[in-house]
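> Below: one structure in structure tokens.
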Amino acid sequence: MQNLTVPQSFFIHFYILGTFFNGLLLSMMLCYIFCMPSFMGEFKMGRQEAWRSLVFLFLLELQILRRLYENLFVTKFSPFARMHVLAYLLGIL
């Protein structure tokens, strides 16, 4: 069970997926705020909560992009640095 490891350089997969899915949520929130203003009263989330969520998602996207940049251009992983495959799979989920 200890031999089931992947290189730590695989951390990049977390940030690529995070960028994609958070970007998807960010675009959905933008559409919710700007494209469907007539439905605002129909849903539980009011305008102020929608803007708060948009700011949160934007800041989260900046953080994920910063970590992706750091992973690509700053961090130099040792060839011996490994992480367990279960930790990797849980991170992907």
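The values are calculated or read from the model by the stated rules, or taken from the named source; none is laboratory data. Treat the numbers as computed from the prediction; the structure is a model and nothing was measured. Backbone-built Cβ (ideal geometry, glycine too); neighbour counts: all protein chains shown. Side chains included, ligands, DNA and RNA excluded: accessible areas come from the protein's heavy atoms. Shrake-Rupley method; radii C 1.70, N 1.55, O 1.52, S 1.80 Å.
> Looking only at residues that are of a type in the set (A, V, I, L, M) and out of contact with any helix residue (DSSP H, G or I) (no Cβ under 8 Å at 6 or more places or on another chain) in the stretch 52-82, which one is nearest to Phe20 (Cα to Cα)?
Leu62
> All but one of (1) in a helix (DSSP H, G or I); (2) modelled with pLDDT of 90 or more; (3) surrounded by 13 or more Cβ atoms within 10 Å (Cβ to Cβ) hold for Val6; state the number of the condition that does not hold.
Of everything listed in (1) in a helix (DSSP H, G or I); (2) modelled with pLDDT of 90 or more; (3) surrounded by 13 or more Cβ atoms within 10 Å (Cβ to Cβ), Val6 misses just condition (1).
> So which residues in the stretch 42-93 are open to solvent by less than 50 Å² (accessible area, probe 1.4 Å) and within 18 Å of Tyr32 (Cβ to Cβ)?
Gly46, Ala50, Ser53, Leu54, Leu57, Glu61
> Give me a count of the residues in the stretch 48-93 that are among the polar types (S, T, N, Q) and part of a helix (DSSP H, G or I).
Residues in the stretch 48-93 being among the polar types (S, T, N, Q) and part of a helix (DSSP H, G or I): 4 in total.
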